[in-house]
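A quick write-up on the structure given underneath.
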Amino acid sequence: MRSWRYHISYLKLLLPWCLYFILWGVFCQIMWWKFHPFIRRATTKSILLWVVPLSIVVSVIEEAIWVASQPQIPIGMHDKSYLHRLQYFLDSELLDNLVIFWFTFCLFRAILIYQSFREREFAAAQLETQLTQAQLRALRMQLNPHFLFNTMNSVSSLMRSDMEAADQVLEQLSSMLRITLDRGEQQLIPLAEEVDFIQLYLSIQKTRFRGTVHHYIAIGPEVLDALVPTMILQPIVENAYMHGVAKTVGEAFIGIEAQNHEGQLRICVRNSGRGLAQQCPAETTKEQVGVANVKSRLELHYGNAHCFELKEFPDGEVQAILLLPLQYPVHLTDRSLEYAYDNPDHHR
């Protein structure tokens with residue numbers, strides 16, 4: 001312009017360029033609002049048939065609006081008509097307009113493809129979560145009747161010898177079922193709540209075995225609020241009774257310990273008995289219902305971030321050891337657990 005000896009302020013130069021990009025902003029917004037489904041799924045054929053002509057039309061329309069709104073912009077030594085001005089600016093800026101259009105189109109397409117990928121990823125994660133929840137519910141449904149039938153068998157055996165003890169066991173069983181129903185679909189609970197549930201179960205078994213079984217619970221105060229899967233200890237304790245304590249001649253013991261072990265929750269269920277090798281095939285099959293259930297639930301909850309093992313000692317003692325990630329609920333509460341010791345000196 002200065003070579004043409006025009007003297008124009010910078011403000012008058014700035015305003016046309018602001019308008020230029022505002023117009024493109026409006027066109028891009030319209031493209032996003034109205035055509036983003038098409039941009040997402042456009043094929044090569046549809047791009048060639050529709051988008052290429054559209055890019056030319058949009059570029060010409062934008063330039064036509066811009067030229068009409070900027071009559072003060074000079075293009076030579078003398079004024080030109082609107083069509084001459086439009087032709088002049090199309091010759092000089094049509095390629096720039098096409099670059100802006102196609103850059104925007106490619107950017108929108110990339111964003112939409114990425115959104116589609118994230119949506120599919122999210123949907124897959126949701127399906128995986130729903131599948132995991134369904135599997136956990138199925139395992140819970142399998143576990144509850146298994147526990148109930150075994151306890152009812154205990155009641156049945158007591159009915160013939162001690163009606164009062166059988167009535168007491170039924171009351172304790174009712175409390176356990178109420179706790180189970182109150183938890184609903186809750187999959188993770190504080191360890192203290194799980195121990196409260198186990199104490200009821202131990203009380204039932206103590207009544208059944210008429211004081212020949214001594215049990216103790218020792219929980220480190222730092223892990224009382226640690227989260228564990230619901231009813232994860234009951235099958236282990238039940239197996240300890242069925243395949244260890246029940247086969248012991250004379251007095252027996254069972255113990256439950258939990259503490260923070262190098263940043264992990266370590267739970268150990270100990271019981272006297274005749275060891276793992278002495279179990280007959282029928283007992284092993286029965287054990288699979290509880291232990292396999294525990295292993296499956298731990299796998300679903302923690303993947304490879306857990307450890308479950310059974311250890312046998314020469315004197316017949318068996319230990320079931322769980323190492324779980326140490327997790328706490330969002331809102332911790334001050335809780336205390338009453339340690340239940342029954343002749344602790346009996347245990348080593």
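Bear in mind these aren't lab numbers, they're just calculated from the coordinates by the rules spelled out. Keep in mind it's a predicted model, so treat the numbers as computed, not measured. Note: ideal-geometry Cβ built from the backbone for every residue, glycine included; neighbour counts use all protein chains shown.
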Scalar couplings 3J(HN,Hα) for the range 36-45 by Karplus 6.51 cos²θ - 1.76 cosθ + 1.60 (θ = phi - 60°), nearest whole Hz, x for Gly and Pro, are 5, x, 5, 4, 5, 9, 4, 9, 4, 5
I need two numbers for the range 10-122: Rg to one decimal and Dmax as a whole number, Cα atoms only, in Å. 17.1, 62
From the phi angles alone, apply the Karplus equation (6.51, -1.76, 1.60; θ = phi - 60°) to the range 176-183 and give each ³J(HN,Hα) in whole Hz, x where the residue is Gly or Pro. 5, 5, 5, 4, 4, 5, 5, 6
Quick one: Karplus J couplings for the range 60-68, per residue in order, coefficients 6.51, -1.76, 1.60, θ = phi - 60°, nearest Hz, x for Gly and Pro? 5, 4, 4, 5, 4, 5, 5, 5, 5
By the mean-Cβ-within-10 Å protection proxy, highest first, 255-261, 91-97 rank as 255-261, 91-97
If R0 = 41 Å, then Q70 and S46, at their Cβ-Cβ distance, give a FRET efficiency to the nearest 0.05 of 0.75
Roughly speaking, what is the stretch gain from F35 to A218, that is 0.36 nm per residue apart minus the C-alpha to C-alpha distance, in nm to one decimal? 59.3 nm
Taking amide H atoms as placed 1.01 Å from N in the peptide plane, list the residues 5 or more away in sequence, or in a different chain, whose amide H sits under 5 Å from that of L188. T230
In the range 199-250, the trypsin sites (Lys or Arg not before Pro) that sit in a DSSP loop and have at most 14 other Cβ atoms within 10 Å of their own Cβ are R210
Give me the number: length gained by fully extending Y302 to N153, i.e. 0.36 nm times residue separation minus the C-alpha to C-alpha distance, one decimal in nm. 50.3 nm
Set the Förster distance to 30 Å, then compute FRET efficiency between A292 and S116 from the Cβ-Cβ distance, nearest 0.05. 0.15
E262 and A125 label points (each 7 Å along its Cα→Cβ direction) are spaced in nm at 3.1
Extension gain from L310 to L13, taking 0.36 nm per residue of separation minus the Cα-Cα distance: 98.7 nm
Placed amide H near H261: partners under 5 Å, 5+ positions off or other chain: R266
Given H placed 1.01 Å from N in the peptide plane, which residues other than close sequence neighbours of E317 have an amide H under 5 Å from its amide H? G273
